[in-house]
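Student: Can you read through this structure? Questions will come right after.
Derivation of every value follows stated rules applied to the coordinates shown; laboratory data play no part. Since we're looking at a predicted model, the values are computed, not measured. Neighbour counts are summed over all protein chains in view; Cβ atoms, including those assigned to glycine, are modelled from backbone coordinates with ideal geometry.
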Amino acid sequence: MGPHPAVAAIRLAVRRVLHDVLTDVAAQRELDSLHAPHVDAHAFQTPHPALPAHEPPPSPLVLVACSGGADSMALASALAFEAPKLGIRAGAVTVDHGLQAGSDLRAAEVVARMTALGLGPVESLAVSVGRDGGPEAAARDARYAALDAVADRHGAAAVLLGHTRDDQAETVLLGLARGSGIRSLSGMAAVSGTHGRYRRPFLHIDRQTARKACMVQSLPVWDDPHNADPAYTRSRLRHEGLPALEKALGKGVVEALARTAQLSRDDADALDSWAAQAEASVRDASGRLECAKLFALPPAVRRRIVRRAAIEAGAPAGALFARHIEEVDRLITGWRGQGAINLPGKVVAQRQGGRLVIRQG
C-alpha cells in the first residue's frame, strides 16, 4: 500500500522541484566549465607529475525554511524523504522574529524536529524586525534577508518555501485591494529570488492537504497565534474575507484566485518584456526619455518604462505605488505646465523641454 494521498501529493510536488533544481545546477556547472581557464598540456617542456584526478562536484544542498507550522513541516518531511533518493543534501533553517514571548524556545523545538527528520545542516536565525512598511512587511524583509544570508553561507542551490494555494489566493486579494495593477494580481512566483533561489512547491496544493499530511505522519505542528490575530490584514482576510467570498460565490474561489495569479503573471511578464524592448526607442541620444515617443506607446507599456526609470533613480520598488506612476504619467499625457512630482526615496519627476526627467531631488 502506498502513502496517504496527502503525503503522496506533497512528495510529488517536492520531487518535481528537486528535479528542476538538479537541472539548473547541471546547467550552471556546464556554463562554469566553459569559462574555466584552459591548460595547454603541450606548454610543459619537461616531464610533469601526474595531476590529481578531478574530484566530483559536491552534491547540491537544498534548504527548507520551516516555521514549525503545518505547511512548512509537511514541506520539510517531503524534502527529507525525496532528497536522498536524488543525491541531494537537505538542510533546514528557521527564523526567530522575536515578536512573541518564548519565540527562541519554539525555534529550538523546530531545530530539534528538523534534525529528527534527518535534515542537516539545521540552523536557527534570530532577526530584528524593523517598522518600515508595517509589521507584516518588516517581518518578511527581515526573514528573507536572514534566508539569503544562510543560503549564501552554505552555498545552497535552493531554499524551499511552504506557501500554499490558499496563501496565493490571499496574496491576489491583497494585491487587488491595493489596486497596484496586474503584477500585484500575479501573486507569488513558483521561482523567485537571485538566480531562482526560492522555490514554492505547494502553490497548487491547498492548506488542508499539507495539514493532513502532517497528521497522518504524526508530525507535531505549531499554530502561530499571529495567523489568527485580527490585527493583521492577512489574518482578517483568511478568517473573515475568504469565507465570506465563498459563502457569497460558492466553493472554488481559492482555486479561481490561484488560477488568476498564474494568468496575470504570464501577462505581466509579456508586458515587462515589451517595455524592456521599447525603452531604447523612447530615449534620445543622451539617454533622456522623450515624452512624445512615450505618449505613442500603450499605457501599460509606457507606465512600466516610467516605473523602471523611477526605481533606477532611487525610488524603492516596494514604496512605489500605482498612484505615483499615474501622477508621473500625467506629465506625459496631460501636460498643462504642472510642477515636479515627488516620489518615494526623495526622487523627483518633472517635464523639461519635452523630456521626462526622473532623478534624485
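Student: Could you work out the equivalent-ellipsoid semi-axes for region 48-189, taking the square root of 5 times each eigenvalue of the Cα gyration tensor, largest first, in whole Å?
Tutor: Those come to 32, 20, 16 Å.
Student: For Trp335, Trp222, which order do you get if you count the other beta carbons within 10 Å of each Cβ and list the fewest first? Mind showing how you got there, number by number?
Tutor: Values: Trp335 12, Trp222 15.
Least to most surrounded, the residues fall as Trp335, Trp222.
Student: Per residue and in Å³, how big is the convex hull formed by the alpha-carbon atoms of region 283-360? Walk me through the numbers on the way to the answer.
Tutor: Numbers: hull volume 6.5 nm³, N = 78.
Once divided by residue count, the hull of region 283-360 is 83 Å³.
Student: A further question on this structure: At Ser218 and Met1, where each label point lies 7 Å from the Cα along Cα→Cβ, what is the point-to-point distance in nanometres?
Tutor: Placing both labels 7 Å beyond Cα along the Cβ direction yields 1.5 nm.
Student: What nm value, rounded to one decimal, do you get for the distance between Asp152 and Ala317 when each label is placed 7 Å out toward the C-beta?
Tutor: 1.7
Student: If you average 1/r over all unlike Cα pairs in the chain and invert the result, what Kirkwood radius do you get in angstrom?
Tutor: Working: mean 1/r = 0.0425 Å⁻¹.
The Cα-based Kirkwood calculation yields 23.5 Å.
Student: With no solvent and one point on each alpha carbon, what is the Debye value of log10 I(q)/I(0) for region 113-172 at q = 0.22, 0.24, 0.25, 0.28 Å⁻¹?
Tutor: After summing over all Cα pairs, the log10 values are -1.08, -1.12, -1.13, -1.15.
Student: Please report Thr164, Thr233, Thr333 as a ranked list, fewest other C-beta atoms within 10 angstrom at the top and most at the bottom.
Tutor: Going from sparsest to densest Cβ surroundings: Thr333, Thr233, Thr164.
Student: Moving on. Can you sort Ser186, Ser124 so the residue with the fewest Cβ neighbours within 10 Å comes first?
Tutor: Lowest count first: Ser124, Ser186.
Student: Using amide H atoms built in the peptide plane, which far-off residues or other-chain residues are under 5 Å from Gly118 H to H?
Tutor: none
Student: Also, I was wondering about something else. Please tell me the relative contact order of the chain in percent, rounded to the nearest whole number, where contacts are Cα pairs under 8 Å and at least six residues apart.
Tutor: Result for the chain is 14 percent.
Student: Answer rounded, prolate or oblate for region 158-255, using the Cα gyration tensor with square roots of eigenvalues a ≥ b ≥ c: rounded when a/c is under 1.5, else prolate when a/b is larger than b/c, else oblate.
Tutor: Oblate is the answer for region 158-255, as a/c is 1.5 or above yet b/c matches or exceeds a/b.
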